[in-house]
Structures are given as C-alpha cells and as structure tokens.
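Just so it is clear, none of the values below were taken in a lab; they were calculated from the coordinates. Computed from a prediction, not measured in an experiment: that's the story for all the values here. With ideal geometry, Cβ positions are generated from the backbone for all residues, glycine too; neighbour counts draw on all protein chains shown.
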Amino acid sequence: MAENKIIYLDNAANTLVDPEILNTYNKVIQTYIANPSSIHFEGQKASHLLDMARQQILDCFRLTNHEVIFTSGATEANNLAIKGVAFQYANRGRHLITSVAEHPSVLEVFRQLETKFAFKVTYLSINSNGGINIEELKKSITSETILVSLIAVNNETGAINPIGEVAALLAKYPKILFHVDAVQAVGKVNLNYAKLDLITVAGHKINALNGCGLLLKGKKFELLPLLAGGGQEGGFRSGSNDVAMDVSLSKAVRLALANIQSKIAHVKPLNQQIRDYLLANSDLYEINSPIDASPFIINFSLKNRKASVVVEALSNRGIMISSTSACHARNETISYVVEAMGKPEQIYSNTLRASLDTNNTTSDISAFLSNLDEVVKGIKR
Ligand code: PLP
C-alpha cells in the first residue's frame, strides 16, 4: 500500500464531500448574504434561489404532490415524520408499525412513543435475508393503525425492503401514512418515490456536507411540527434556512439521482471481489448481506475472531471499515440487525461492514483484502 494512502470503505457512515458540491456551497454563501425570510431585495433573491433548489429536488425525485422540508439531517427528518404523524393523527388511532431492523433514529422514536406517550407499536420481524415479510405486515394492520415506517435499504446489511409492494398494499388504507427512511437508497437503488407519503434523505450519505437532510412530505396531510417558531419550511420546521447548505444539498440530490446505473456498475464488481474472497475463506467468514442487497454495502462476520480487534488493526494500516454501524453513539459491537436475521451469537457479535462509493477502486479492494487476510490469520486465538 502506498504510504499515507487511506482506503476508505465506510461510505455508509459518511461519504466524501464532492468538490463540486462544496464549490456550490462556497459560492452561495459568498454571494447570497441575506435571510430568505427578509422582504428586501437581497432576502427575496435568497428566497428565490431556495425555491429553485426545492423545485430541483422535487423534479429529481419525480415528485409533483410533495413538498420539501429542509432539516439538519436524517435523524431530525425521521423524528419529524414519525412524531409529526403520531401526534397529529392520534385522534384517528394510536397504532404504529415499524420493523426491528430500523436505524436507531427510527427505533428509538418508536420506543419513546410507546413508553412515554402510550402509543401501541408493532415491530415487524425480518427474515434470514434481512427484509420484512409482507404477510406479517398485512396481519399487523388494524383499524387503529395510522403509520407504517420502514427502512428502504438497511444501513448495516444493505438488505432491500419490498417498498413498492408495501406502498401498493397501503394504498388500500387511506388512513395509514407510509414513511420510508431512504437514506441508504437515494442514488443507490431505484425506488418509486412518488408512491411514498414521507421520505427521509441525509446529505452526508450522498457526498454533500454534514448537517443537512430532507423530509419529503406528501401535500395531502398535516404533521405536528417539532420545531415551532417563525413558520419556515411551510410551518413544519421553523428556523432560519441555511441557504448555501440547502442549495448545495439540492445539487447533491441531482448528482446522486443521475446515472444510478453507472454507479451500480462501478461498485458491483468491487462488492463481488469482496464476496469472492469471503466465500473462498468460508472457514473464517460468514456473509450476512443477501445476494440481492444494495451493492454499496457488504456485511460479513468473523467466525472465530473478534470484529473490534480487526477493525482496529485495519485502521492502524490506513483501512477504514466498520463493525456494526457508526451511527450508534455507544461503541457497541453487537448487531441487532444480524441477530434479528436469526444468526448465532458469534456471528451477530462480530460483524464487519465494508461500504462502497464510486471513488473506490479495484486496487483499494485488493489492498483491503490482502490486509484483512493478514490481520485475521495473524490473530492468535
Ligand atoms: N437512517 C439511516 C438508514 C442511516 O444510515 C443513518 C445514518 O447512518 C440515519 C438514518 C441517521 O442519519 P444522520 O446521522 O444524518 O442523522
């Protein structure tokens, strides 16, 4: 490996900022000086630019009946979607449905609603491929159900949920709103966003800056805002807009949603290269990502070594992968997602995730695999 070269394979946690997107941010922050809520010329100029950014986002997602709510990231968007629906429509019913394999920014919201606000929550199980079962969802729906919230692409395993099928099922239940955490799907797998009521997007997973995200919301229903105040973002998220951030995010969305097929074509062989190595060494590794998972993520376990030791040893060699998900503030190494897939303790306690982006190369992967091989085989048991 060339000296000082970092091999970054943790793109599901954070992507590298695209210089073009940073350039947009820098240009806007220098040329648009005013608060877009101000009615003077400079304010209106900023407001117009923001409107264009919103329209571009809707066009890129092919949405005509949605509105854009800029947020600080996906955690806020998930909280707004779920609590916003629960509190707005509690009078219609107090039953909510999600799955056991959601990101903590969804799971913990449901736990709060359940324990502190007396909502009833059904947590759908996942199958051995990491996705939910439609029949179980059908059986869980009651006359009290007001919301279903599901992850589109699992952030740990890359497993893809049958979002289109769920949307088709829920179309028969006009009282139930469908929220999708699409953070790991945007620009990575094809989704028909127009069928979804609420869609969560994170900027830092699509090469934008940290600290920005979106909730795309259908126009036909209300949400109780979490942040009350000056009424920005249609009243759903008060607080002065960061125009440069919002405009640069709209550019990131445009770039992410353009040429998805060519991005998939880039990462698929890299994913396969990793898979082939793991399969050839099946005495050491078990692959957890199903074969039809997002090609941007490959999750596997060590059959007889500790994952945290391997992550640290690779990190010391300049190779960044993760054990479970970096989104857990605590340094947990147990994967509740892989556990829910029905795997044994050694497997769900020692998961590793390599996550890819289009800047990764075959030689990055070769270097990763030869170092992984050396590290794992070098650990005394
Ligand atoms: N949802 C998913 C699927 C994620 O992968 C993440 C972050 O990893 C989040 C939500 C939370 O995103 P953020 O940290 O930007 O709030």
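Normalised by residue number, the volume inside the convex hull of the Cα atoms of the range 164-261 is 103 Å³ per residue.
Rounded to the nearest 10 degrees, the inclination of helix 41-60 to the longest alpha-carbon principal axis of the chain is 50 degrees. Among rounded, prolate and oblate, which fits the range 1-123 when a ≥ b ≥ c are the square roots of the eigenvalues of its C-alpha gyration tensor, a/c under 1.5 means rounded, and a/b larger than b/c means prolate? Cα axes put the range 1-123 in the oblate bin. Only one residue of VAL267, ILE6, LEU169 has its Cα farthest out toward the positive end of the dipole of the chain, where Lys and Arg carry +1 and Asp and Glu -1 on Cβ, and that residue is LEU169. What shape does the range 64-206 have by the C-alpha gyration tensor, where a ≥ b ≥ c are the square roots of the eigenvalues, rounded means a/c under 1.5, and otherwise prolate means a/b greater than b/c and oblate the rest? The shape class here is rounded. For the set LYS138/LYS172; LYS220/LYS251; LYS303/LYS377, the pairs lying more than 19 angstrom apart at their alpha carbons are LYS220/LYS251. The distance linking the range 292-323 with the range 111-161 is 27 Å (Cα centroid to Cα centroid, whole angstrom).
The trypsin sites (Lys or Arg not before Pro) of the range 107-174 meeting both criteria, a DSSP state outside H, G, I, E and B (loop) and at most 15 other C-beta atoms within 10 angstrom of the site's C-beta, are LYS172.
The calculated FRET efficiency for the pair LEU224 and ALA280, based on their C-beta separation and a Förster distance of 56 Å, comes to about 0.55. Once the Cα atoms of helix 104-117 and of the chain are each reduced to a long axis, what angle between those two axes, in degrees from 0 to 90 to the nearest 10, is obtained? Result, in degrees: 60.
Semi-axes of the equivalent ellipsoid for the range 1-71, computed as √(5λ) from the eigenvalues of its C-alpha gyration tensor and ordered from largest down, come to 33, 19, 9 Å. Applied to the range 350-362, the Karplus parametrisation 6.51 cos²θ - 1.76 cosθ + 1.60 on θ = phi - 60° returns per-residue 3J(HN,Hα) values of 9, 8, 10, 10, 9, 10, 10, 9, 6, 7, 6, 10, 4 Hz, with x for Gly and Pro. Counting only Cβ charges, +1 for Lys and Arg and -1 for Asp and Glu, the dipole size of the chain around its Cα centre is about 500 debye.
Assuming R0 = 56 Å, can you tell me the calculated FRET efficiency for the pair THR362 and GLU42, based on Cβ-Cβ distance, to the nearest 0.05? Efficiency, rounded to the nearest 0.05: 0.70. Taking amide H as placed 1.01 Å from N in the peptide plane, LEU177 has its amide H under 5 Å from the amide H of LEU147, VAL148, each at least 5 places away in sequence or on another chain.
Extending 7 Å from the Cα toward the beta-carbon at both THR31 and GLU114 defines two label points whose distance is 5.1 nm. Each residue of the range 6-19 is assigned a 3J(HN,Hα), and the resulting list reads 8, 9, 9, 10, 10, 6, 6, 8, 6, 8, 6, 6, 6, x Hz, derived from the Karplus form 6.51 cos²θ - 1.76 cosθ + 1.60 (θ = phi - 60°), x at Gly and Pro. Using only Cα atoms and rounding to the nearest 10 degrees, what angle (0 to 90) does helix 243-257 make with the longest principal axis of the chain? Helix 243-257 and the main axis of the chain meet at about 50 degrees. The tail of the calculated P(r) for the range 19-258 beyond 35 Å holds 13 percent of all Cα-Cα pairs. Only DSSP H runs of four or more residues enter the estimate; each adds -39500 (n - 2.57), and after division by the residues of the chain the mean residue ellipticity at 222 nm equals -12500 deg cm²/dmol.
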